[in-house]
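What follows is calculated from the coordinates using simple rules that are stated; it is not laboratory data. Here the structure is a predicted model, which means the values were calculated and not measured. Using ideal geometry, Cβ is built from the backbone for each residue, glycine included, and neighbour counts are taken over all protein chains shown.
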Amino acid sequence: MQIDVNGKAFEVEVEPEMPLLWVLRDELGITGPKYGCGIAQCGACTVHVDGFVVRSCQLAVRDLGNRKVTTIEGLGSPEALHAVQAAWIEHQVAQCGYCQSGQIMQAASFLKTNPNPSDEQIDAVMSSNLCRCGTYPRIRSAVKAAAKKLQEG
Amino acid sequence: MINKLFEVSMTRSLPLVSLPFRALPIPLTSGRSSGSLGSLGFLILLVAVFSGTLTLSTSVTAAEDKVVINPPAEGSVSQQEGLQAWARIFEVASHPRCANCHTGESDRPMWSGPSYGKTRVHGMNVQAGTSRIGAETLLCGTCHTTKSEDWDNANATPHAAPRVAMNWALAPVEAHWFGQTSEQICAQLRNPETNGDRTMREIAEHLNHDLILHWAWAPGGGREPAPYSLQEHVNDILAWGVAGTPCPQD
Amino acid sequence: MGIVGTVTRRTFLIGTAAIAGGVAFGTYLVKRPIENPLLADLKDGEAAITPYIKIDASGITLITPRADKGQGAYSIQARLIAEELDFDPATAVITPGMPGPAYYNSAVLEEGVPFPAYDDSAIAETARQFMSVPAKLMSMQMTGGSSTVPDGHHKMRMAGAVARETLKEAAAQQVGVDRSQLTTEDGHVVLPDGKRIAYTELATTAASIEPITDVQLRPSSEWKHLGKPTQRLDMPAKCTGTEKYGIDLVVDGMVHAAVRANPGVGAGVKSFDASSAEAMRGVQKVIAIKNGVAVIADNTWRAWRAADAIDITWEQGPYPENTDAIFAEIEKVIDQDEFRDHRNRNDGDVDTALTAGDVFEATYKVPYLAHAPMEPMNALVRVTDTECEIWTGTQIPLFVRDHAAAMTGLDKDQVLVYVQPMGGSFGHKLEDTHVLQAVEIAIAMKGTPVKMVWSREEDMTHDYPRPGSIAKGRGTVSNGQVETFDLSVGQSSLMADWFGRLTGLAIPGPDATITTGSWDQPFAIPNYRVTGYRAPTMVPVSSWRSVGASGNGFFHDCLLDELIHKAGADPLAERIRLCMHEDSRKVLEKVGEISGWDGPSMGENRGRGVAFCLSFGVPTAIVTEVTNTEAGITIDKVYTVVDVGEVLDPTNLEAQVFGGVVFGMAHAMNCETTYENYAAQQNNYHAYEGMRLYQTPEFETVALTNAKKIRGIGEPSVPPAAPSLANAIFAATGKRIREMPLNKHIDFV
């Protein structure tokens, strides 16, 4: 089957029930999305599918259809940061960093549809992304800063 | 087909902001990448989705008829038999596999049942919102991904987010079953003003068509299924209907 | 005092001499300089100045041997060097390098001396400094114990200064001027006429001259980068998905391995049937390994699925089969002389004090706790007849090397350990059972690189958890003051378990970690006694962020809080009054000031709690504010004050402080590792939730710098977090909770 990741087409031949996460990581070598739990409890595997946030460990590749996948690598790069990534760096959010691909993908999608989020909304959207290092206080600041930056254009 | 379903669902729909229909790109269709839908867009989404009769993607095939809908003959079910059927219906409706998402005005799904230990709201602060699908904050479908077709063993992993070949969502507000008594649920389910304007036959068809409801009897992952079976439940609904939908408080 | 078990000034020698192999090592061995490992592989045009800096024409490489598990170790080590070397570390390649004896950690064993951190007497200091000796002789290259900064802050700046002066000397020789006429700036030597020569252009000359070691470090007042808010060097990579953790590595010809080991950790396999697994797609082989079964496949997910399909009959677990039975063994040893391990605190006369009047008694309990960092355990290993290469995130690279050498039969210098950045650890990567499983599999697949990754379920059920513990507290009060404080702590010995696994030795002597965090607190309570009782080894246990203080912080400051309450005194004021260590007292006073403390009550259903713990030499005070809502407790705000002596990186310090508080409170709220039929029951995050963003309080953090010694900050904010929360809950609800997780007794929103 053909899948579209970060704007490139890939041919993969795998069991249709293989989770997208493992197609990305092991078949395609795209390791930005991480494995943390495999049961949608941590969000480290978060990608965008046609722009919508999805836990790639919960999406079987057969259910992807011809929708387009964006991983953290497709959101931005060290040379061309997405506004959320720039805010994350400015606010020094990451500690071990393992959960942050998922955190950033979650925040980036959310800010597209909720450009001026309240604290309650941020709490509702970001709380299914687990961080064992406890970076939450700076995630909050970075989301708000990114929202502001995106609004300013 | 979709237009017709939507019109139908509009007339049946529960009190809502009435909005002009617009063909919107929604999760699961291939097509344009997301733009800023805004709150209007999400309300439209909500109307299109939670009626339960509209599955969002043309690529999701309507379920094959999984049950036989064959109501008993008129007059063939006594009041007592009807109440017995109701008792079984209540067992199903109040079971965690159903009641956990039939939370009434609360937009928090519940986690209850033997596999959870203590009863509590769904973890991680998830909120289904007015849209009932989390459109305002975090879509249910983020974790409870939508299957493109009804393939087997998708929910074998314990403690993972169950998924069906339909968008995951809370039930409408009126279908409040969690923590409700038999009398309360009975009153809600038999009244067209609170049951989505349905006859019992239409409820049976709803049970047949809406795959998310089938999950209750085959939840996977070590979860306790709803009692009886989908077919037995449909039979009970039909029998209860023929009996004149008697309730314990009558 | 001379009573059996009371601390004597000589007991520590027994421990360390034994660890060093029971040998009376001579001064020669201690003083012998260690070869710079970088000199071994030097290519033409490369200079290695000190074991920390390599320069060639293309750039500078900094060796940062302390592992980074998210605490910012790579960044701070690089900046320590760069501050003296006068260049931008963001332009350098930063690598932990190849592990070696030159990178021993002189500070990590210091906490183990039987002197509290506030004791800066000559003998205490000598004992601490002495701990660098076994560290050197054991080639203790280890990251942990909040020791990276104490260990590195002098020697890595020295390395930078030595390199700087050596490069100046190289320029001096190249140009024909005296070194004293040269300065350095931004990676260049600056000549008297203003011309600049890049360090990279001086590499060849620098390689041929003796390093200049007679150097002076700059005072902190002259620092350009240290001490100021800064950006971590790994931040851009971690925010763009380009940081590669061990689990992300891909090498040509690599296969994937999954293991299932006996959930009764340490016991073996009776039999297994892999016939279904072997037939599954992508599976190459199924083999027996120590205490388990391994699947080799062409993809992680396929390997895990196949492993799940193996029918395994396990040997019975080697410890009591369930949590109740385990804790019964712990309870048994408390206050029993034959199990007394140590009594490192015994001021006044507790026994007599406890016979007079109204004695308060309470029992406290903390659970076994898994580490559960988000990157599960993994290792990539390739074994050939002449070499063993291991890529893994580890805090103990030389132990990994030595264990792998023993397993493969190769010499130690044929084993190459490539340390990877870690997606968290909290102490789990101080163990290497998972690495050795990968080595065992790689031996069976000789020549083929094997990447073995534990599933989350395997990771959480095969952890070496923080030991569960029970403490019995007694005390008396009089005239509004705390008079007597007596704590008896029962626990299995984590040092015996953990160091036993690392060294293969039976570690004799007391295990002070049973009471670290409660015996060593800076209070002058008239009758003050803390005793450790050693329970037998049961579930194999290990070091968890803040080690002994993780449980003892709770025991000590909950008991103290209860006694203060009984005395009718203010929780903060009485702690301040009792505190005889000036630096600690200032920390307590400061937290009172920033929190606006005016008593524990904050109105109806609202309260605040204070707790203090001196651990890893860092006095830490926390005030936590909570609200008791209808749906449960919300944690509203946390004020934390620490004293680390000198702040090298205020941005990272703040992150480590609130990160540690979140870690401590997360586990306090709802985490425990329990056992049923020998197996850990919590096998994924649904059963071990911790704290989520919506539950996270506001933070205000202050770092004082009164202390004379510089300290690390990776762990100290953990021990007082849970007791400050429990004490706040008491203030808000009147409910005193004496066991963790607290949600056994109260709900959190």
Give the Cα extents of chain C along the principal axes, in whole Å, largest first. 83, 71, 54
Highest to lowest packing among C:217-226, C:572-581, C:277-286, C:78-87, scored as the average C-beta count within 10 Å: C:78-87, C:572-581, C:277-286, C:217-226
Estimated inter-spin distance, residue B:151 and residue B:78, nm [label 7 Å along Cα→Cβ]: 5.1 nm
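Charges only on Cβ, +1 for Lys and Arg, -1 for Asp and Glu: so what's the dipole of chain C about the Cα centre, in debye to the nearest 20?
400 debye
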Give, rounded to the nearest 20 debye, the magnitude of the charge dipole that the stretch A:2-75 has about its Cα centre when Lys and Arg contribute +1 at Cβ and Asp and Glu contribute -1 at Cβ. 300 debye
Within a 10 angstrom radius of each residue's Cβ in C:263-272, how many Cβ atoms of other chains show up on average? Whole number is fine. 0
Rounded to the nearest 5, what % of the DSSP beta bridges within the protein assembly as shown are antiparallel ones? 75 percent
So, R0 is 35 Å and r is the distance between the beta-carbons of residue C:406 and residue C:315; what FRET efficiency does that work out to, to 0.05? 0.90
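At a 10 angstrom cut-off on C-beta neighbours, averaged per residue, how do the peptides B:106-115, C:155-164, C:373-382, C:189-198 rank from highest to lowest?
Put in order of decreasing packing, that is C:373-382, C:155-164, B:106-115, C:189-198.
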Once both label points are put 7 Å beyond Cα along the C-beta direction, the residue C:193-residue C:386 separation in nm becomes 5.2 nm
Computed E for residue A:116/residue C:275 - FRET, C-beta separation, R0 41 angstrom, nearest 0.05: 0.10
Which one, C:60, C:671, C:145, is farthest towards the positive end of the dipole of chain C when Lys and Arg carry +1 and Asp and Glu -1 on their Cβ? C:60
Search the structure for amide H atoms under 5 Å from the amide H of residue C:674, placed 1.01 Å from N in the peptide plane, and list their residues when 5 or more places away or on another chain. C:681, C:682
Counting only DSSP loop positions in the stretch C:637-743, the trypsin sites (Lys or Arg not before Pro) whose Cβ has at most 11 other Cβ atoms within 10 Å are C:708
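I want the local charge near residue C:153. Using Cβ-Cβ distances under 15 Å, sum +1 for each Lys or Arg and -1 for each Asp or Glu among the other residues.
Details: positive: C:66, C:79, C:155, C:157, C:218, C:708, C:709, C:711; negative: C:83, C:84, C:110, C:151, C:646, C:649.
So the environment of residue C:153 carries a net charge of +2.
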Within the stretch C:123-219: Cβ-based charge dipole about Cα centre, in debye rounded to nearest 20 (Lys, Arg +1; Asp, Glu -1): 260 debye
Checked against the positive end of the charge dipole of chain A (+1 on Cβ of Lys and Arg, -1 on Cβ of Asp and Glu, about the Cα centre), the farthest of A:21, A:85, A:31 is A:85
Sorting check: for A:12-24, C:38-50, B:231-243, which peptide has the highest mean count of neighbouring beta carbons within 10 Å, and how do the rest follow? B:231-243, A:12-24, C:38-50
So, in nm, how far is label residue C:125 from label residue C:95 when the simple model puts each one 7 Å beyond its Cα toward the Cβ? 4.0 nm
Around residue C:739: net Lys/Arg minus Asp/Glu count, Cβ-Cβ under 10 Å: +2
Show which aspartates and glutamates lie in cross-link reach of residue C:270 when reach means a straight Cα distance below 13 angstrom and same-chain residues fewer than eight apart are skipped. C:311, C:315
Straight-line reach from residue C:332: which lysines have Cα under 27 Å away, leaving out those fewer than 8 places along the same chain? C:365, C:472, C:744
Dipole of the stretch C:203-302 [Lys/Arg +1, Asp/Glu -1 at C-beta], most positive-end residue of C:230, C:288, C:269: C:269
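Across the residues of A:53-63, average count of Cβ atoms on other protein chains within 10 Å?
Rounded to a whole number, the mean comes out at 6.
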Report, in deg cm²/dmol and to the nearest 500, the calculated mean residue ellipticity at 222 nm for the protein assembly as shown, where each DSSP H run with n ≥ 4 adds -39500 (n - 2.57) and the sum is divided by the residue count. -9000 deg cm²/dmol
Can you tally the net charge around residue C:414? Count Lys and Arg as +1, Asp and Glu as -1, for every other residue whose Cβ sits under 15 Å from the Cβ of residue C:414. -3
Contour minus Cα-Cα span, residue C:735 to residue C:700, at 0.36 nm per residue, comes to 10.0 nm
19 Å Cα-Cα reach of residue C:451 towards lysines, excluding residues that sit fewer than 8 places from it in its own chain: A:34, C:244, C:285, C:290, C:429
Using Cα centres only, tell me the gap between the stretch B:107-171 and the stretch C:600-632 in whole Å. 35 Å
Length gained when the stretch residue C:335-residue C:566 is fully extended (0.36 nm per residue, less Cα-Cα span): 80.8 nm
Under the span-like rule (Cα at least 24 Å along the axis, Kyte-Doolittle mean at least 0.0), DSSP H helices of chain C: C:548-567, C:650-670
